[in-house]
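Everything below concerns the one structure shown next.
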Amino acid sequence: MNYNRGKALTDAVHVPVCALSEAKGMIKTMGRKSSSITLTDEQRDYLETQTRARTIQSQTVNRARILWLKADGCSVDNIADKVGINRCSVMLCLKKFNKGGVENTLFDAPSRGRNAEITDDEKAWLINIACQKPVDLGYSSETWTRASLTKHINKSAENAGHIRLSTISPSKVRDILEKAELSPTRWPVTVRSVTLI
């Protein structure tokens, strides 16, 4: 099988994603005179301080430089060469500027990130459930297993106003009970009482 022939074919057909975006009219710079963006003196000063800051991410510095260069009338290709990134990244940065200004361009919106910590109120609710007998909550069992306790907490947490606990894992349930000094040496166990501080 001739792999070189296939590679040559893919190279010949390859079209950059940013060129496709331009064809749809998102940012039209190909084959035209490069347009510039308008920045106020205050925005220029702000961008300059961002590029000179020592503790800022390099991504933010690059975005500030892109806006600065575009305001001076540089083309997308020239900006990509000067900043040392690809043309598509420059165009994405300019698209962010057109949608929301300087702040939107420099800083990304917060992402989903790490799950929120479980509050003391949620822990107290979980411990309260663990201290009750399953039979009192409509189950046929007299004692909780870690799996049955977790399943019950996951099922009833949202209705009780503890949305974070609707996805809690059995190991996290165990950790909470151990920190409350309700750590049984083996499951299943019936927890009789607990003192909350």
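General remarks:
- Taken together, the criteria place Glu103 among residues that are out of contact with any strand residue (DSSP E or B) (no Cβ under 7 Å at 6 or more places or on another chain), modelled with pLDDT under 90 and either part of a helix (DSSP H, G or I) or not aromatic (Phe, Trp, Tyr) (or both).
- Set side by side, the residues Ser156, Ser140 differ, and just one is free of Cβ contacts under 8 Å to residues at least 40 places away in the same chain, farther than 22 Å from Glu117 by Cα and not basic (Lys, Arg), which is Ser140.
- Residue in segment 22-36 that is part of a helix (DSSP H, G or I) and modelled with pLDDT under 75 present: yes
- A count restricted to segment 50-72 and to residues that are more than 12 Å from Val102 (Cα to Cα), at pLDDT 90 or above and of a type outside the set (A, V, I, L, M, F, W, C) stands at 2.
- Selection within segment 74-110 - acidic (Asp, Glu) and under 21 Å from the mean Cα position of the chain (by Cα): Glu103, Asp108
The values are calculated or read from the model by the stated rules, or taken from the named source; none is laboratory data. The shown structure was predicted, so the numbers you read here are calculated from the model rather than taken from an experiment. A quick note on method: Cβ atoms are made from the backbone with ideal geometry, for glycine too, and the neighbour counts reach across all protein chains shown.
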